[in-house]
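Comments concern the structure below.
The values are calculated or read from the model by the stated rules, or taken from the named source; none is laboratory data. Worth saying up front: this structure is predicted, and the values here are computed from it rather than measured. Here the Cβ positions follow ideal geometry from the backbone for every residue, glycine too, while neighbour counts run over all protein chains shown. Surface areas here come from the heavy atoms of the whole protein model, side chains and all, with no ligands, DNA or RNA. Shrake-Rupley method; radii C 1.70, N 1.55, O 1.52, S 1.80 Å.
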Amino acid sequence: MFVSFNHQDDNGFVAIKKPTTLHLKWNKAYPDDTIEKSVIGLKWGLSYIGARLPKALNGIIITNDIISIDINQLGFSESAIEKLDLLHSKIIVSDEYLINNSIDLGRYISLLLGASEHYYEISGTPKTLTKLMSNYTLLPQKGYVTRSTVSLMHRSIQFSEQNGFNQLFVSQEIDSISGSIYEYETIELLTNGQLRFGIFDFNGNRKNSADASHSNAGKPAKCMWCHESTINQMFIPQNDYLGYLTYTEFQNTLINYRESNRNLKLNLTSGVDFSQTQQHTLTELLYISFMEPSAERLSLEWNLPLTQVQNLLSSLPTHRHAEFPFLGNLYDRNDIENLAPFQGLSVSSSVREPSALEVNHIN
């Protein structure tokens, strides 16, 4: 379905079609995969970028192996809809969409979450740390972490008071000798129960991924995978430092905030089911099985016989996914994209890690 937002007139303006509905093609990726599971993964993916997903959800319709979404009915803000409109306008003129009248569901999720600028713009993450922090008042208490499971540096962590679905955590990646700040990582609570992640350089400017020499945080999509929509506690005991909360005080503070936030999420009447936290894995399987597809999945995606796909890929190496071995023998999307019978809108070369190719189809 399309509506015109420009038209031909005496001055020569050309009618431009604005999509109100986008068609997503589901391609079975593993033996137990179903379109119903994939729709759950889609809902979690949409909620990560701010969709409230109203209880009477009329914005997602399944017809055979096509999932149609209407972004105007998914509980997005006007700003998010504006950004999604820009992305969708690029999708519908891609070779893939013109041929199939749909975009691969895994490609779509990879574009939403695996392109940091798309994630930031749709979810509303400010471009600067100063702008972001202007919406909060940080408490004087702060924690200090020297043995992080993520950061390779020391971390100073500040936070605001939790007021319903309103709170900010700011982590400073610090040189333990000089005290210099290398970069900042932020977590905000969203009103739909999800967390919004931000990464900023030492000047406070938004960036696509954490510097691998300072942190293993990667891109925002990796933060989503690690946090599982939860305020994480510390996993390794820390020493106490003068001027900071003790390890026990800081740990208890984080746990109290986590449990308070969890109780609020469980009382939501719309959105994803936060009592089923492992459903987030269904989102990860969507982008992983796209970025690392099997020949069987590619046969469905490309609408080609399996033997023909296997012949096309015969010279390329395969691997098994360490976390999800049931996905089978997999190829790297970066190796096989140019072999496809049609070209979809380009995706970043990695969803979670710093990318050699980082796409931005919105700006």
Exercise. What shape does the chain take by its C-alpha gyration tensor, where a ≥ b ≥ c are the square roots of the eigenvalues and a/c under 1.5 counts as rounded, a/b above b/c as prolate, and the rest as oblate?
Worked result: prolate
Seminar exercise, completed: At R0 = 56 Å the Cβ-Cβ FRET efficiency linking Arg147 and Thr318, nearest 0.05, sits at 0.90
Seminar exercise, completed: Set Lys127/Lys219; Lys55/Lys265; Lys25/Lys265; Lys83/Lys127, cut-off 19 Å on Cα-Cα distance; pairs above it are Lys25/Lys265
Exercise. Which residue, chosen from Asn100, Ser47, Asn72, occupies the Cα position most advanced towards the positive end of the dipole of the range 21-151, where the dipole is computed from +1 (Lys, Arg) and -1 (Asp, Glu) charges on Cβ about the Cα centre?
Worked result: Ser47
Seminar exercise, completed: Note, Ser110: beta-carbon cut-off 15 Å, +1 each Lys/Arg, -1 each Asp/Glu, net -2
Exercise. Using unit Cβ charges (K, R positive; D, E negative) and no other charged atoms, how large, in debye to the nearest 20, is the dipole of the chain about its Cα centre?
Worked result: 540
Exercise. Most fluctuating residue of Glu188, Glu323, Glu96 in a GNM of the chain with Cα springs under 10 Å: which is it?
Worked result: Glu323
Seminar exercise, completed: The aspartates and glutamates whose Cα lies under 20 Å from the Cα of Lys90, excluding any fewer than 8 residues away in the same chain, are Asp70, Glu78, Glu82, Asp104, Glu117, Glu121, Glu301, Glu337, Glu358
Problem set entry | ³J(HN,Hα), Karplus 6.51/-1.76/1.60, whole Hz, each residue of the range 311-318, x for Gly, Pro | 5, 4, 9, 4, 8, 9, x, 10
For this session: Could you order peptides 152-163, 40-51 by the average number of other Cβ atoms within 10 Å of their residues, highest first?
Result: 40-51, 152-163
For this session: Output ³J(HN,Hα) for the range 40-52: one whole-Hz value per residue in order, computed from phi by the Karplus curve 6.51 cos²θ - 1.76 cosθ + 1.60 with θ = phi - 60°, and x for Gly and Pro.
Result: 4, x, 4, 4, 4, x, 5, 5, 4, 9, x, 5, 7
Problem set entry | Max mean-square fluctuation residue, GNM over the chain, Cα-Cα springs under 10 Å, options Asn100, Asn263, Asn27 | Asn263
Problem set entry | Exposure rank, largest accessible area first [Trp302, Trp225, Trp26; 1.4 Å] | Trp225, Trp26, Trp302
For this session: Tally up the carbon and sulfur contribution to the accessible surface of the range 75-149 as a whole percent, 1.4 Å probe, everything protein left in place.
Result: 52
